[in-house]
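The values are calculated or read from the model by the stated rules, or taken from the named source; none is laboratory data. None of the values given here were measured: they were computed from a predicted structure. Positions of Cβ are generated from backbone atoms using ideal geometry, with glycine treated the same way; all protein chains shown enter the neighbour counts. Quick note on the areas: whole protein, heavy atoms, side chains included, nothing else; ligands and nucleic acids left out. Shrake-Rupley method; radii C 1.70, N 1.55, O 1.52, S 1.80 Å.
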Amino acid sequence: MDRRKGDRTIPLNTPTMAGGLFAIDRDYFQEIGTYDAGMDIWGGENLEMSFRIWMCGGTLEIVTCSHVGHVFRKTTPYSFPGGTGTIINKNNRRLAEVWMDNFKNFFYKISPGAKKADYGDVSARLQLRDRLQCKSFQWYLENVYPESQFFMDYNVIGEIRNIETKQCLDNMGRKENGKVGIYACHGQGGNQIFAWTKKKELKHDDLCLDASRSSGYADIIQIKCHNQGGNQEWSYNKDKKSIVHVSSGLCLDKADVGKDAPTLHRCDARLSQQWELVDISMLDT
């Protein structure tokens, strides 16, 4: 509402869009390169088009008073050779290679499967970008999507490894309100990428580790970051290698026997309360 100056009817600029629910002038659609013909079937085309429109001089708007009908089929009328993940990884790598510049390496750390994908020839799309004199992905982040995780203000971003068990904190693919897990470190990024931010959050994507008095501080839950400290504030002592939950004064510890989630215990410097924050460079190859 702030961006609309209090008027709900005013169209709102948006960094990205859904691929099946948009309207565009036909001539302009042709001018900016239609779809990437090298992409297959489904997935990633909405982001590719979003980046391209903004970076090449256009705008994307959510028109709040528009109405769209979208009928879903009961079954998919087409197949995904090699599986859905294979197709989506290929498409995502194409958009990363053409539009994301060095930031593609940040994306590959978060989605390592995409980096392994065979993405075909993108020379025609690179020529299109050059012909249209498109701006950089850094420009897109700074001017279109400054809230992006790419510009997260962090101390360390990478793996959080337990010294005793050699396991890493792991999102486990869980959504909001799911417990954070702990699993054998695999070095492949993805669900084991966490950031310790300047605000002293332990963060995976937009979820922060949160421990509250209501659970006796036994459960460490992944909750949307609120930027208010409190139950989401954690300090790291590099010398002691301890991660302390500030509001409770308890230390992050390995999972209790029979459990698959780390917990909090009174700090006593035991080996299981020692953690290594392994920084992973996000913009280097």
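Assorted remarks:
- Among residues of region 249-285 being within 30 Å of residue 100 (Cα to Cα) and assigned to a loop (DSSP other than H, G, I, E, B), the one that is modelled with the highest pLDDT is 280.
- Some residue of region 76-97 being under 26 Å from residue 32 (Cα atoms) and outside any helix (DSSP H, G or I): no
- Any hit, region 107-117, residues being of a type outside the set (D, E, K, R), within 17 Å of residue 48 (Cβ to Cβ), within 16 Å of the chain's Cα centre (by Cα) and modelled with pLDDT of 95 or more: no
- Candidates 52, 4, 8, filtered to the one that is at pLDDT below 90, within 25 Å of residue 146 (Cα to Cα), of a type in the set (Lys, Arg) and open to solvent by less than 60 Å² (accessible area, probe 1.4 Å): 4
- Scanning region 34-75 for residues that are among the small types (Gly, Ala, Ser) and either part of a helix (DSSP H, G or I) or closer than 18 Å to residue 21 by Cβ (or both) gives 43, 44, 50, 58, 66, 69.
- If you filter region 221-246 down to residues that are of a type in the set (Lys, Arg) and either outside any strand (DSSP E or B) or in contact with a Ser or Thr (Cβ under 8 Å, 6 or more places away or on another chain) (or both), you find that the one that is most open to solvent (accessible area, probe 1.4 Å) is 238.
- First in region 194-218 and under 20 Å from residue 172 (Cβ atoms), second anywhere and open to solvent by 50 Å² or more (accessible area, probe 1.4 Å) and of a type in the set (Lys, Arg), Cβ under 9 Å, 6 or more apart: 206/224; 207/174; 207/175; 207/224; 208/224
- Pairs meeting the criteria (first residue in region 95-106 and among the acidic types (Asp, Glu), second residue outside any helix (DSSP H, G or I) and buried (at least 24 other Cβ atoms within 10 Å of the Cβ), beta carbons under 8 Å, at least 6 apart or on different chains) are lacking.
- Only listed residue being over 27 Å from the mean Cα position of the chain (by Cα), charged (D, E, K, R) and closer than 23 Å to residue 129 by Cβ, chosen from 40, 25, 101: 25
- For residue 208, the conditions (1) part of a loop (DSSP other than H, G, I, E, B); (2) over 22 Å from residue 164 (Cβ atoms) all hold with the exception of (1).
- Residues of region 33-44 that are surrounded by 18 or more Cβ atoms within 10 Å (Cβ to Cβ) and within 22 Å of residue 136 (Cα to Cα): 33, 36, 39, 44.
- Strands (runs of 3 or more DSSP E) contained entirely in region 143-186, each with at least 1 residues that are among the hydrophobic types (A, V, I, L, M, F, W, C), loosely packed, with under 14 Cβ neighbours inside 10 Å and more than 18 Å from the chain's Cα centre (by Cα): 181-184
- Among (1) surrounded by fewer than 17 Cβ atoms within 10 Å (Cβ to Cβ); (2) in contact (Cβ under 8 Å) with a residue 12 or more places away in the chain; (3) not in a helix (DSSP H, G or I) - the single one residue 139 does not satisfy: (3)
- In this structure, residue 6 does not satisfy being at positive phi, touching a residue at least 12 places away in the same chain (Cβ under 8 Å) and part of a loop (DSSP other than H, G, I, E, B).
- Candidates 195, 218, filtered to the one that is open to solvent by less than 60 Å² (accessible area, probe 1.4 Å), assigned to a loop (DSSP other than H, G, I, E, B) and out of contact with any Pro (no Cβ under 9 Å at 6 or more places or on another chain): 218
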